[in-house]
Amino acid sequence: MEHYHMNLTLKVWKQKNKNEKGRFETYQVKNISSEMSFLEMFDVLNEQLVAENKEPIAFDHDCREGICGMCSMYINGRAHGPWHHTTTCQLHMREYKDGDTIVVEPWRANSFPVIKDLVVDRQAFDRIIQAGGYVSVNTGNAVDANAIPIEKHDADESFASAACIGCGACVAACPNASAMLFVSAKVSHLSLLPQGDPERKTRAMNMIHQMDKEGFGSCTNIGACEAECPKGISLENIARLNREYLGAMFDGGSQNAI
Amino acid sequence: MSWKQAFSSSVGKKIQMSLTGIFLILFLIVHCYINAQIWFGEDAFLTAAHFMGTNVVIRTIEIGLFAFLILHIVQGLSLWAKNSKRRNTRYAVKAGSQTSPWYRRSMGLLGTLILLFLIIHLSKFWGPNRFAQTFGSGELNLYELMKEEFQNVVIVVIYLLGCFALAWHLVHGVYSSMQTLGLTTHRYKTMIKNVGVAFSIIVTVIFALMPISFYMHWVN
C-alpha cells in the first residue's frame, strides 16, 4: 500500500479522575504517516501537547504488539477500532485518510471507572480471577507437564480460550456491559483440561458470583463481544460457562461455593 | 449454594428466561396448530377450540402458562431495567449494527410490543370466552367472533404488527434460549440458529394469515 501523510481532527475524552465530570477536547494533528500505529499517532499528539506546555492525554499501553491487553480505546464507536481481531496498538493509520475526524472514548462501564482520560480501572477482572480463575497445586516436586495425556481437540480448545488477554473490550462493546465473554474464556481454558477439573463446579459458581458483585450486566446473547474481541474468543465459551453453571447447580459438590 | 441462590444470579435469571421462553414456544406451536383448523372448516375449528377451552388437563396447563408468562415478563423487564443502568456515561458514538443485529439488542422493546398486543388479543377472544363460560351462557362461537373482529382493518393491522414483533423476538429467542442452556456447541450452533429462523418465519406467517384470511374472505 502507498505511503501517505494526513492531517486529522481528534475528539478525545478528557477526565481528571473518576469523580470529576469528563468532556471532549478537540485536537489537530498534522503530518501523520499512514504507517504509524494508532498509539504512535497519540505519541505524536502528546509530544506536541508537551511542547505547547499543555497536559498530555493519559492512555493505557504496554507491549504494543497485541498481547498484553492494556490498550483500551473506543474509537469511532468501536472497541479497539474498526479492524477485526486486533487491539488498538495493532490498528494502523492507513485505516484513515486526510481530513478525517476520529472520536476516542475510554471503555465505558460502571464497573470500569475512569482513572484519568482514556485510562480505566479494570481491577474488577482481577477480583473475578481471584474468586476462582486458578488451579490449586500441591507443593513438593514439580510434576512433569506432560504426565497427564490430554486429547488434542481439548488442548486446542483450551488454548483458544486462553488467548483472552483480559483487555475488557467485551464489556466495553456489550450494550449491557456484561463480562460473560471474559469469565467464560477464563472458566473454559481451565475446565477443558484435567488440571482444572477438580475445582470446576466451585469455580463457575464463585466467578459468576463475583462477576455479579462487581456490577457487570447480564448476558442477553447479543454477540457484540464476540464481534469486537481482539483474540477471537467465541460465544461457544459462554455456552460452555452456562453448562458449567447448570452442572454445578445440580451437583451437591457446589455447596462449597459462595 | 441453595436453589434460590442458583436461580437468582445473573446466569440463573437467564435460565429462568430460557426455560419459560421454551415453554411459551411450545405453547405457540399448539396455539398455531389449533388456529390453523380454520382452513379445515368451522366445525373442525370449533371442535378443537371446545377441547382447548374445556379439557381439564389443558385448563390446568393454562394456569401454568400464565404463571410462566408473567415470570417471563417480570424477569425480562427487570433484566432490561437493570442492564440499562450498567453504563451511566453513554458512548458519544455507538457501534449499532456494526457489531450486532438490531433485534438482538431490542428484545425488551419487542417483548413490550408483544405484551401490548397480547392485552388487546386476550381482551378480544380469551377474556370474553372465559367470562361467558364462567358467568354467562357458555362457550362463545370463536369462529364467528374471529370473522366479525377481522372485518375491522385496524384490528387486522394490529394483529399483523403483533406477528411482526413476535417474529423478530423469536428469531433471537429460540437461539438465545438454547445458548443459555449451553446447547449451542460448535457442532449444533448453526443448526440451532437456522431452525430458530425457520420456526419464527413459519409460525408467524401462519398466525398472520389468519386475520388476512378472514378479512379477504378466503374462509367463510
Region A:203-228-region A:108-138 distance, computed between alpha-carbon centres (Å): 12 Å
Neighbouring partner chain Cβ atoms per residue of A:106-114, average, 10 Å criterion: 3
Cα-Cα P(r), region A:53-203, percent of pairs per 5 Å interval: 2, 8, 14, 18, 17, 13, 10, 7, 5, 3, 2, 1, 0
Surface share of carbon and sulfur [accessible, 1.4 angstrom probe, percent] for the protein assembly as shown: 60 percent
Point-to-point label distance, B:THR89-A:THR9, nm (Cα→Cβ direction, 7 Å offset): 2.2 nm
Net charge dipole size for the protein assembly as shown [Lys, Arg +1 and Asp, Glu -1 on Cβ; Debye, nearest 20]: 1040 debye
Loop-located GluC sites (Glu not before Pro) in region B:112-197 whose Cβ has at most 10 other Cβ within 10 Å (DSSP): none
Chain B: radius of gyration over Cα atoms, expressed as a fraction of 2.2 N^0.38 Å: 1.14
Peptide ranges B:4-15, A:57-68 listed from the most packed, as the mean C-beta count within 10 angstrom indicates: B:4-15, A:57-68
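Does region B:1-71 come out rounded, prolate or oblate, given a ≥ b ≥ c as the square roots of the eigenvalues of its C-alpha gyration tensor, rounded meaning a/c under 1.5 and, failing that, prolate meaning a/b above b/c? Before the final figure, lay out the partial values.
Details: a/c = 5.56, a/b = 2.65, b/c = 2.10.
Prolate shape, in that a/c is at least 1.5 and a/b is the bigger ratio.
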Highest-first arrangement of B:106-112, B:39-45, where packing means the average Cβ count within 10 Å: B:106-112, B:39-45
Quarter of Cα convex hull surface for chain A, i.e. mean projection, nm²: 16.9 nm²
Region B:85-125: trypsin sites (Lys or Arg not before Pro) falling in loop per DSSP and having at most 15 other Cβ within 10 Å: B:LYS85, B:ARG90, B:LYS94
Inter-label distance for A:SER136 and A:ARG64, nm, one decimal - labels placed 7 Å from Cα along Cα-to-Cβ: 4.4 nm
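Within chain B, which complete DSSP H helices have Cα atoms spanning at least 24 Å along the helix axis and a mean Kyte-Doolittle hydropathy of -1.0 or higher?
Helices passing the filter in chain B: B:10-35, B:56-83, B:153-180, B:189-215.
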Under 15 Å from the Cα of B:LYS147 - aspartates and glutamates, other chains or at least 8 residues apart: B:GLU42, B:ASP43
Flagged links, alpha-carbon separation over 25 Å, of A:LYS116/B:LYS82; B:LYS4/B:LYS82; A:LYS231/B:LYS82; B:LYS82/B:LYS124: A:LYS116/B:LYS82; A:LYS231/B:LYS82; B:LYS82/B:LYS124
Dipole in debye (nearest 20) - region A:122-256, about Cα centre, beta carbon charges: Lys, Arg +1; Asp, Glu -1: 300 debye
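When the helix-only estimate is applied to chain B (DSSP H runs of n ≥ 4, each -39,500 (n - 2.57), divided by the residue count), what is the mean residue ellipticity at 222 nm, nearest 500 deg cm²/dmol?
-25000 deg cm²/dmol
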Filtered trypsin sites (Lys or Arg not before Pro), region B:143-215: DSSP coil and at most 11 other beta carbons within 10 Å: B:ARG187
Chains B and A, summed buried accessible surface - 1.4 Å probe, Å², nearest 100: 3700 Å²
Cα gyration tensor category, rounded, prolate or oblate, for region A:5-116 with a/c compared to 1.5: oblate
Exposure of A:GLU226 as accessible area (Å², to 10), given a probe of 1.4 Å and all protein chains: 60 Å²
Within 10 Å of each Cβ in B:11-20, the average number of Cβ atoms from other chains: 4
Probe 1.4 Å, all protein chains present, accessible-area order of A:GLU199, A:GLU20, A:GLU105, largest first: A:GLU20, A:GLU199, A:GLU105
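Run the dipole for region A:44-116 about the Cα centre, Lys and Arg Cβ at +1, Asp and Glu Cβ at -1, nothing else charged, and hand back the magnitude in debye, nearest 20.
On the way: 7 positive and 10 negative charges, 43 e Å.
Charge dipole, region A:44-116, about its Cα centre: 200 debye, nearest 20.
Within 10 Å of each Cβ in peptide B:35-47, how many partner chain Cβ atoms are there on average? Round it to a whole number, please. Mind dumping the intermediate values first?
Values: counts 0, 0, 0, 0, 0, 0, 0, 0, 0, 0, 0, 0, 0.
Mean shielding count: 0.
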Dipole of region A:5-116 [Lys/Arg +1, Asp/Glu -1 at C-beta], most positive-end residue of A:THR9, A:PRO113, A:ILE57: A:PRO113
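Ranked highest first by the average count of other Cβ atoms within 10 Å around their residues, in what order do A:119-132, A:167-180 fall?
Highest-to-lowest ranking by the protection proxy: A:167-180, A:119-132.
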Positive-end residue of B:PHE131, B:PHE164, B:SER106, charge dipole of chain B with Cβ unit charges: B:SER106
Solvent-accessible area per residue, Å², over the protein assembly as shown with all protein chains present [probe radius 1.4 Å]: 49 Å²
Heavy atoms of A:ILE115 accessible to a 1.4 Å probe, total area in Å² rounded to 10: 90 Å²
Using alpha-carbon coordinates, inclination of helix A:152-162 to the longest axis of chain A, degrees: 50 degrees
Whichever lysines have a C-alpha closer than 17 Å to that of B:LYS94, once near sequence neighbours (fewer than 8 apart) are set aside: A:LYS11, B:LYS85
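Using a 1.4 angstrom probe on the protein heavy atoms only, line up A:LEU39, B:LEU142 by accessible area, largest first.
Descending accessible area places them as B:LEU142, A:LEU39.
The values are calculated or read from the model by the stated rules, or taken from the named source; none is laboratory data. Just so it is clear, the structure is predicted and the values come from calculations on it, not from any experiment. Reconstructed Cβ throughout: ideal geometry from the backbone, glycine too, with neighbour counts over all protein chains shown. Note: areas computed on protein heavy atoms with side chains; ligands, DNA, RNA excluded. Shrake-Rupley method; radii C 1.70, N 1.55, O 1.52, S 1.80 Å.
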